[in-house]
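Structure, as structure tokens:
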Amino acid sequence: MAVHAHPDDESSKGAATTARYAAEGNEVLVVTLTGGERGDILNPAMDVPGIKDRITEVRREEMAAAAAALGVEQLWLGYTDSGLPEGDPLPPLPEGSFALVPLEEATEALVKVVREFKPHVITTYDEMGGYPHPDHIMCHKVSVAAYEAAGDPEQFPDAGEPWTPSKLYYNHGFSLTRLEVFADEYARIGEPFPMQEWMDRMRKYAAERGDVMSRVTTQVECAKYFPQRDDALRAHATQIDPNGAFFAIPTEMQQKLWPTEEFELAKTRVRTAIPETDLFAGIDDADTEDPDR
């Protein structure tokens, strides 16, 4: 189960991994906590009359196309996008936003999904949300709380029969180390690095908080599924510019130089050895009720 804040997050964070596990016959569910209603239109080609007026419907259509590209199931938890507040001081979040929902309420809603789907592995964001969007930070809080509560019969007894997930991971896809590998290759072939501005921003972030690669415990080989990841990204046409940074580095170069996606094992109820190459490492199918998950 991959828990994400908005439609498009599932395609930019761990997407090829979900596509791989789905292709290998595992049941994979993307849970989208909000509808992404307040997301800006970031692709100039989609900033046309009629799109903003029906943005909720458009985001749902895009999400369906992305899920189909990845070969995964998808479920909406039903909360409203908080938007990304800007300004100094920051303005208050809009009333009814996901980030303002009581944690217990949102946790119960996700616990119900966990108990119905019965995942062995859950992926989500770290305590910073991957980046400090209020919905991403709330996504982290809700995911961790649901992981802890889902197997406890005394918590949320009306949310279904208890189910205890085995492992919880944080996505760590945007690392400075990864960009530096690509930058070195561009220097070797004598071409300007097309993501230099992005790398400069990440260097500033890493100087403050460290590179996320220092937290990575698990690298999943999934290069074969990078084209599906890219198809899923392009499906989110209002959010992803096909001429933008996500597609600046040729897929073949990515497959050759960095064929994995990165995760941090945050919590586990099974014994495993670090580093890992498989999110299911340590999970014995013989001791589980449904070996397909």
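For this structure, a couple of remarks:
- Other residues lying with their Cβ under 14 Å from the Cβ of Leu179 contribute a combined charge of -3, Lys and Arg counting +1, Asp and Glu -1.
- Amide H contacts of Ala2 (H built 1.01 Å from N, under 5 Å, at least 5 apart or other chain): Leu29, Val30, Val31, Thr123
- The gain in end-to-end length when the Asn243 to Leu42 segment is fully stretched comes to 71.2 nm, 0.36 nm per residue minus the alpha carbon separation.
- Per-residue HN-Hα couplings for segment 157-173 [Karplus 6.51, -1.76, 1.60; θ = phi - 60°; Hz; x = Gly/Pro]: x, 8, 9, x, 5, x, 9, 10, x, 8, 9, 10, 10, 9, 6, 9, x
- Whether segment 1-130 is rounded, prolate or oblate, judged on the alpha carbon gyration tensor where a/c under 1.5 counts as rounded: oblate
- Helix-only mean residue ellipticity at 222 nm for the chain, each DSSP H run of n ≥ 4 adding -39500 (n - 2.57), per residue, nearest 500: -11000 deg cm²/dmol
- Which labelled figure in (i) 21.5; (ii) 19.1; (iii) 19.8 is Kirkwood radius over Cα pairs in Å, once derived from the coordinates: (iii)
- Net charge over other residues, Cβ less than 14 angstrom from the Cβ of Ala67 (K, R count +1; D, E count -1): -4
- For Pro192, neighbours were defined as the other residues whose beta-carbon sits under 14 Å from its Cβ, and their charges (Lys and Arg +1, Asp and Glu -1) total -4.
- Electrostatic dipole magnitude of the chain [Cβ: Lys, Arg +1; Asp, Glu -1; Cα centre; debye, to 20]: 520
- Rounded Å value of the spacing that divides the Cα centres of segment 107-140 and segment 79-94: 20
- Antiparallel DSSP beta bridges within the chain, as percent of all bridges there, nearest 5: 40
- Pairs exceeding a 28 Å alpha-carbon distance, out of Lys13/Lys256; Lys204/Lys224; Lys118/Lys141: Lys204/Lys224.
- Between Glu27 and Asp158, the FRET efficiency estimated from the beta carbon spacing at R0 = 22 angstrom works out to 0.35.
- Cα gyration tensor shape of segment 121-200, rounded if a/c is under 1.5, else prolate or oblate by comparing a/b with b/c: prolate
No lab work stands behind these numbers, since they all come straight from the coordinates. The structure displayed is predicted, hence computed values, not measured ones. Cβ sites come from the backbone with ideal geometry, for glycine too, and all protein chains shown count toward neighbours.
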